[in-house]
Amino acid sequence: MDRLSDVVIFVRVVECGSLSAASDAMGVSRGVISKALARLEARLDTRLLQRTTRRLSLTEAGAAFFEKSREGLALVDAAEQAVTALRNEARGTLRVSAPASFAVTLLAPLLGAFQARYPAVQIDLDMNDRYADLVAGRIDVAIRIGMLEDSSLVARRLANCAHAIYGAPSYFRERGIPQTPDDLREHNCLVYANYDGPYDWVLTDPAGQRHVAHVRGSMLANNSLVLREAARSGLGVSLGPSYLVREDIAAGRLQAVLTDYTAREVPLHAVFTQRVHLLPKVRAFVDFLGEHLTRTGVMGPLPTATA
């Protein structure tokens, strides 16, 4: 038996008033209990109990040890109950990592509805366009857009993330609207740094033919929100997630171009460190987000239109 087991037996003996009563209550032999008490007293080098044939009493050291041990075991019980509660219902702090553009545009507006459904869950949101270390950051779930590297992480695919090429109407009035991927070479392109090959924009035409536009421009940034704002100001044309610009395009603040082409489509995953013993708060969040993305289709491509 380990040290904690010996302490548990000691406390139970004192509470029951005798070795025999403790033996019956715990379902172990009296010999097991006697050996546990002997180990405990030997380890502490102190007599804890005075035992006679008729009664059992605590020594001064035993009384002090009993009170502290009982308090400690109560804390262990409370810790176990807290874990049980976390296992049985969605509650506690949920640490989420997500790209800034996704967090601001899609996730933040959903958090009120999520917490109304799961009021015992508190959100701790880390916005980071680079992949966070889930273990080092103690992150429960991360949202990742793009192909995943092989790892020990568990991933659940929630949607496909379509992309669009866009700019401000004022920019296109001045510079003209690109009609083919090759035309992008003549434009000031605002480039997202975290893409693989950020200056090579891959587009697929309706016949399935891939076209690679080798672009250049005056801005390279690792945040899609910054590129969207620069495009809004008329600085240039950018390639970014459709969800990020859908409302701006509908409102006329931005204009999508080359809409007959598929301009990059990558998976969106929720990733976490384990599949077994997945906490209810994590499962609830991933299910909630997946349901919303499926229902709204917000991650899908923009409606095809003539630019």
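Determine, from the Cβ-Cβ distance of LEU220 and GLU186 and an R0 of 22 Å, the FRET efficiency 1/(1 + (r/R0)^6), rounded to the nearest 0.05. Write out the running numbers ahead of the final one.
Values: r = 19 Å, r/R0 = 0.84.
Plugging the Cβ-Cβ distance into 1/(1 + (r/R0)^6) gives 0.75.
Might you work out the accessible area of SER69 for me, using a 1.4 Å probe with all protein chains in place, and round it to the nearest 10 Å²?
Its heavy atoms expose roughly 10 Å² to the probe.
Could you tell me which trypsin sites (Lys or Arg not before Pro) in the stretch 128-225 are loop residues by DSSP with no more than 15 other beta carbons within 10 angstrom of their beta carbon?
The qualifying sites are ARG130, ARG138, ARG216.
Separation of the stretch 248-300 and the stretch 1-71 by C-alpha centroid, Å?
When both Cα centres are located, 59 Å separates them.
Tally the DSSP beta bridges in the chain and give the antiparallel ones as a percent, rounded to 5.
65 percent
Heavy-atom accessible area per residue, the stretch 194-307, 1.4 Å probe: how many Å²?
Ligands and nucleic acids excluded, the result is 49 Å² per residue.
Rounded to the nearest 0.05, what FRET efficiency is calculated for GLU174 and ALA207 with R0 set to 35 Å and r the Cβ-Cβ distance?
0.65
So if I place +1 on the C-beta of Lys and Arg and -1 on the C-beta of Asp and Glu, and nothing else carries charge, what would the dipole magnitude of the chain be about its Cα centre? I want it in debye, nearest 20.
Rounded to the nearest 20 debye, it is 1060 debye.
Scan (1) 63, 43, 36; (2) 53, 43, 41; (3) 103, 34, 34 for the value of Cα extents along the principal axes in Å calculated from this model and give just the label.
After the calculation, the listed value that fits is (3).
Of the candidates THR262, THR273, THR59, which one comes out as most mobile in a Gaussian network treatment of the chain with C-alpha springs shorter than 10 Å?
THR59
To the nearest 10 degrees, how steeply does helix 242-251 sit against the main Cα axis of the chain, on a 0 to 90 scale?
For helix 242-251, the angle is close to 50 degrees.
Can you say what percent of the DSSP beta bridges in the stretch 73-226, counting only those with both residues inside, are antiparallel? Round to 5. If you can, show how the numbers build up before the last one.
On the way: 5 of 17 bridges.
Here the antiparallel bridges make up roughly 30 percent for the stretch 73-226.
Just VAL212, VAL28, VAL266 to compare: in a GNM of the chain, with alpha carbon springs under 10 Å, which one fluctuates most?
VAL28
The values are calculated or read from the model by the stated rules, or taken from the named source; none is laboratory data. For clarity, every value in this text was computed on a predicted model and none was experimentally measured. Positions of Cβ are generated from backbone atoms using ideal geometry, with glycine treated the same way; all protein chains shown enter the neighbour counts. Surface accessibility is based on the protein's heavy atoms, side chains included, excluding ligands, DNA and RNA. Shrake-Rupley method; radii C 1.70, N 1.55, O 1.52, S 1.80 Å.
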